[in-house]
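I have placed the structure first, in the form of structure tokens, so that the comments after it can refer back to it.
The values are calculated or read from the model by the stated rules, or taken from the named source; none is laboratory data. Values in this document were obtained by computation on a predicted structure and should not be read as measured data. All Cβ positions, glycine included, derive from the backbone under ideal geometry; neighbour counts span all protein chains shown. Quick note on the areas: whole protein, heavy atoms, side chains included, nothing else; ligands and nucleic acids left out. Shrake-Rupley method; radii C 1.70, N 1.55, O 1.52, S 1.80 Å.
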Amino acid sequence: MASVQVRSIGPAREAYVPRGPLPATEDAIDALVEWARDGKMARLLVEPEAPATLTDALLARRFSAVAPTQPQHTRILQLREPDELLKTFKHGRRYNIRAGLRRGVVVTEGKDAGELARQSAAVERRESIHLPDRTYYELLLELLPWCRTYTAYGQDQAEALATVLVARHAGRAYSLFAGRSGAHPELMGNDLAWWSAISSAAQAGCRDFDFWGVPPPGTGPDHPWHGLGFFKSEFGGEEVEYAGAWELVLSAAGARLIALEKRSRTYVRGLKRNIS
């Protein structure tokens, strides 16, 4: 199986297969290539949920490595009963979670796209990065079969401190987006939001929790995800590396048109961000 997103730029079309095909076998790749040729696609992009050993097969089929859209490196935590799970976390993370509970932090489960957008905007300002807007979060919460936000509040619930968005599918929970305002760090609201998302997944019977993106192994403090990777590592789990993103150009002229349109969109997005 494969979930294929087809996009048209004038006469050119590209097909994108996130986390697919399933299973990520050579035969499945061949079937996708045949389908793309028959459909006159200019470009086929795949990001299989498969180990890096698949790269030899992709290279043999004239695929080229490109920058990933989905996280190529992630951390997956095997779940168990919350009380037992908490004991497996690093000391600093356990301390923060317990401190937040003692200080009266309350976490609510819901579908609060607006609060996630506000928390994400604070991260954008601090880190100078681009994150989706409220409309995209609303789509996820509406269209995914199971998707919720976990928002941490101070004791009086007057001010939100952090929000995590989690989707669940086939026994796995995925932390797709998160944000935190940076207010009242002494309350450990960010830790509590994540802990609620993880422990709720465990109580719901999920087998594991995908933290959805960490820096590659061996990267140092200069990597933009260094702090995020350290934060996630304190929850434990195992680092996983996937094969990454690979493209097959089936029409050079069409692929050039698609690339030009993407560069233009990136430029316009940068202008809008600088203006705002």
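Ignoring ligands, DNA and RNA, what percent of the accessible area of the chain is carbon or sulfur (1.4 Å)?
Its accessible area is 53 percent carbon and sulfur atoms.
Hey, what does the equivalent ellipsoid look like for segment 54-93, semi-axes from the Cα gyration tensor as sqrt of 5 times each eigenvalue, largest first, whole Å?
38, 12, 8
Under 20 °C and 1.002 mPa s, how fast does segment 36-195 diffuse according to Stokes-Einstein, given a Kirkwood radius computed over C-alpha pairs? Answer in µm²/s, whole number.
Diffusion coefficient, whole number: 118 µm²/s.
Return, ordered by residue number, the residues of segment 1-45 whose backbone nitrogen is under 20 Å from a label point located 7 Å along Cα→Cβ of Thr219.
19
Taking Rh as the Kirkwood radius computed over C-alpha pairs, what is the Stokes-Einstein D of segment 147-255 at 4 °C in a medium of viscosity 1.567 mPa s, expressed in µm² per second?
Diffusion coefficient, whole number: 81 µm²/s.
Enter the accessible area per residue of segment 1-136 (Å², integer; probe 1.4 Å; all protein chains in place). Spell out each step's value before the answer.
Working: 7690 Å² over 136 residues.
On a per-residue basis, 57 Å².
Tell me, rounded to the nearest percent, the portion of alpha carbon pairs in the chain spaced more than 31 Å apart.
Taking all Cα-Cα pairs of the chain, the fraction more than 31 Å apart is 34 percent.
Suppose R0 equals 51 Å. What FRET efficiency, 1/(1 + (r/R0)^6) with r the Cβ-Cβ distance, do Glu81 and Arg61 give to the nearest 0.05?
That gives a FRET efficiency of 0.70.
Can you compute the helix-only [θ] at 222 nm over the chain? Use -39500 (n - 2.57) per DSSP H run of at least 4 residues, normalise by all residues, nearest 500 deg cm²/dmol.
-12500 deg cm²/dmol
Please report, in debye to the nearest 20, how large the charge dipole of segment 1-145 is about its Cα centre when each Lys and Arg carries +1 at its beta carbon and each Asp and Glu carries -1 there.
For segment 1-145, the charge dipole is close to 740 debye.
What distance in nm lies between label points placed 7 Å from Cα along the C-beta direction at Phe230 and Ala259?
Using points 7 Å along Cα→Cβ, the separation is 3.8 nm.
Under a point spin-label approximation (7 Å from Cα along Cα-to-Cβ), what is the Arg126-Arg102 distance to one decimal in nm?
2.3
For Tyr136 and His169, compute 0.36 nm times the residue count separating them, minus their Cα-Cα distance, and round to one decimal in nm.
10.0 nm
Work out the FRET efficiency for Leu144 and Gln203 from their Cβ-Cβ distance, taking R0 = 25 Å, and round it to the nearest 0.05.
0.80
Compare the Cα positions of Gly189, Gln78, His169 along the charge dipole of the chain (+1 at Cβ of Lys, Arg; -1 at Cβ of Asp, Glu; about the Cα centre) and return the one farthest towards the positive end.
Gly189
Anyone know which of Arg134, Arg168, Arg102 comes out most mobile in the 10 Å Cα GNM of the chain?
Fluctuation is largest for Arg102.
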